[in-house]
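Below is one structure, written out as C-alpha cells; comments come after it.
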Amino acid sequence: MGEIYDVVIIGSGPAGLAAAIYAERAELNAIVIEKNVVSGGQVLTTYEVDNYPGVRGIGGYDLGMKFREHADSLGADFVEDEVLCIETEGKVKKVVCAGQTYETKTVIIATGAGHRKLGIPGEEELSGMGVSYCATCDGAFFRGKTTAVIGGGDVAIEDAIFLARLCKKVYLVHRRDELRGAKSLQKKLFSLENVELVWDSVPERIEGENKVEKLVVSNVKTKETKELELQGVFVAVGINPNSAPFEGLVEMENGYIKAGEDCATSCPGIFAAGDVRTKGLRQIVTAVSDGANAITSVERYLTEE
Ligand SMILES: Cc1cc2nc3c(=O)[nH]c(=O)nc-3n(C[C@H](O)[C@H](O)[C@H](O)COP(=O)(O)OP(=O)(O)OC[C@H]3O[C@@H](n4cnc5c(N)ncnc54)[C@H](O)[C@@H]3O)c2cc1C
C-alpha cells in the first residue's frame, strides 16, 4: 500500500479497457486489475465480431488487443491480480487482491461474466477432455468428428454453425421445440445438412474414459432417453455474472450488480460497468459505453466529495 488512487478498475474486458482509456484522458490516477494474463475478457473467446462499429468482421482476439493497445498508448497502468473483496470502512476504499491491497477513492467493477455450467455428471470430470464452453476456441480440435451443442440462444446457434464447418456431424440439443436465437441465424442453421436438431431434450450425463464418448439426453415430453455417440460437447446455456467478490457490498438482482446507465451502485463511490451490471443488452458496444459512463460518474463523485 502507499499511493491512493482516484479509481481502481477491476477487469480488463471491453468495459474495463474503455474505462481505462477515459480515465487516462481525464488525467485520473487509475489502475486496472486483471486476473488473466491477457486483456479482452469474453471478446477473446469470440471467433469473429461483426457488430462493433468501424471494424467489420474482426477476430475477437484482435479486437481485444486493439482495445488494450489503445489503453497502453495513453499510459494506462495494469496489474495482474485477482480481486477478492472491497473494504469500504472509512473514506478510502481498500481493494483486496490475492497478491496485494490497493487504496482508492472510487472503484469501477467491470468483472463481466462467465459461462454457465450444466451441472450434470461427467461435465466437470471431462472438462477440457471433450467438454468445452467455447466453440471458437476449441472447435478446431474436433475436425471431422461428431459434436453436440447444448442451448437454444444466439451463441448456441452460432456455435453449431461454426462447428458444422469443421465437424462431420453436429447435434443441437435444446429443451424446447423452437430456438430462441435470431431468425437469420436459425435460417442459416436449418440449411446445414450435417446439423441435427434434438428438440425437447435436456442433457442427463456425459460419459467417457478420459475423453468424451457419449452424451445421454432425455426428452422432457416423452421422458425417453437417447444416447448420442460423439467426441465433443459444447455448452452454450448462458452466462453468470462475476459478482461473487462483491456480495453484501452492493445490491444485486439475480447475481447482477444493480446499476443504471450512470453505473452507480447502492454503495457510494463504487460503480459497475459492462456485463456484470443489470441491463437489457450485454454486448461489446454497451460494455464500452458503460466504461465511458462510469468514468464520467467517477469524475462527478470526486468533484462532489
Ligand atoms: C462466445 C461469445 C461470443 C460473443 N460475441 C459477441 C459479438 O459478436 N458481439 C458483441 O458485441 N458481443 C459479443 N459477446 C458478448 C461480449 O463479449 C460481452 O458483452 C463483453 O465482453 C462484456 O464486456 P465486460 O468488460 O463487461 O466483461 P468481460 O468481457 O467478461 O471481461 C471481464 C474481465 O474481468 C476479469 N475479472 C473477472 N473477475 C475478476 C476479479 N475478481 N479480479 C480481476 N479481474 C477479474 C476477467 O478476467 C475479464 O478479463 C460474446 C460473448 C461470448 C462469450
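The values are calculated or read from the model by the stated rules, or taken from the named source; none is laboratory data. Keep in mind the model is a prediction, meaning the values are calculated, not measured. Cβ coordinates were reconstructed from backbone atoms using ideal geometry, including for glycine residues, and neighbour counts include every protein chain displayed.
Here are the numbers for the structure shown:
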| read-out | value |
| --- | --- |
| Test for K168: is it farther than 25 Å from S218 by Cα and more than 16 Å from the ligand (Cβ to nearest atom) | no |
| Candidate set from segment 1-54 (those that are within 11 Å of the ligand (Cβ to nearest atom), hydrophobic (A, V, I, L, M, F, W, C) and modelled with pLDDT under 95); member that is surrounded by the most Cβ atoms within 10 Å (Cβ to Cβ) | V43 |
| Residue list for segment 264-288, restricted to those being more than 11 Å from the ligand (Cβ to nearest atom) and on the phi > 0 side of the Ramachandran plot | G269 |
| Residue within segment 92-112 that is on the phi > 0 side of the Ramachandran plot and small (G, A, S) present | yes |
| Test: residue in segment 81-103 that is in contact with a helix residue (DSSP H, G or I) (Cβ under 6 Å, 6 or more places away or on another chain), surrounded by 16 or more Cβ atoms within 10 Å (Cβ to Cβ) and among the hydroxyl-bearing types (S, T, Y) | no |
| Pick from segment 166-188, criterion under 24 Å from the mean Cα position of the chain (by Cα) and among the charged types (D, E, K, R), ranking: farthest from T46 (Cα to Cα) | R175 |
| Search result, residues across segment 239-273 that are among the β-branched types (V, I, T) and more than 21 Å from V288 (Cβ to Cβ) | V250 |
| Residue match in segment 243-251 (condition: in contact (Cβ under 8 Å) with a residue 24 or more places away in the chain, more than 16 Å from the ligand (Cβ to nearest atom), more than 30 Å from V173 (Cα to Cα) and touching a Ser or Thr at 6+ places or on another chain (Cβ under 9 Å)) | no |
| Restricting segment 106-133 to residues that are among the aliphatic types (A, V, I, L, M) and surrounded by 22 or more Cβ atoms within 10 Å (Cβ to Cβ), the residue that is farthest from the ligand (Cβ to nearest atom) | V131 |
| Residue satisfying all of: in segment 55-88; modelled with pLDDT under 95 and closer than 23 Å to N242 by Cα; farthest from the ligand (Cβ to nearest atom) among these | Y61 |
| Lone unmet requirement of (1) of a type in the set (D, E); (2) more than 16 Å from the ligand (Cβ to nearest atom); (3) without any contact (Cβ under 8 Å) to a residue 12 or more places away in the chain for E103 | (3) |
| Filter result for G232 (away from the ligand (no atom under 14 Å from the Cβ), under 26 Å from V149 (Cβ atoms), in contact with a strand residue (DSSP E or B) (Cβ under 8 Å, 6 or more places away or on another chain) and touching a residue at least 60 places away in the same chain (Cβ under 8 Å)) | yes |
| Among the residues listed as V32, V8, V43, V38, the single one being within 19 Å of C134 (Cα to Cα) and either touching a residue at least 40 places away in the same chain (Cβ under 8 Å) or of a type in the set (D, E, K, R) (or both) | V43 |
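Per-residue answers, yes or no, for (1) surrounded by fewer than 20 Cβ atoms within 10 Å (Cβ to Cβ); (2) among the β-branched types (V, I, T):
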residue: E193; (1), (2): yes, no
residue: E196; (1), (2): yes, no
residue: K226; (1), (2): yes, no
residue: E229; (1), (2): yes, no
residue: C263; (1), (2): no, no
residue: G274; (1), (2): no, no
residue: T278; (1), (2): yes, yes
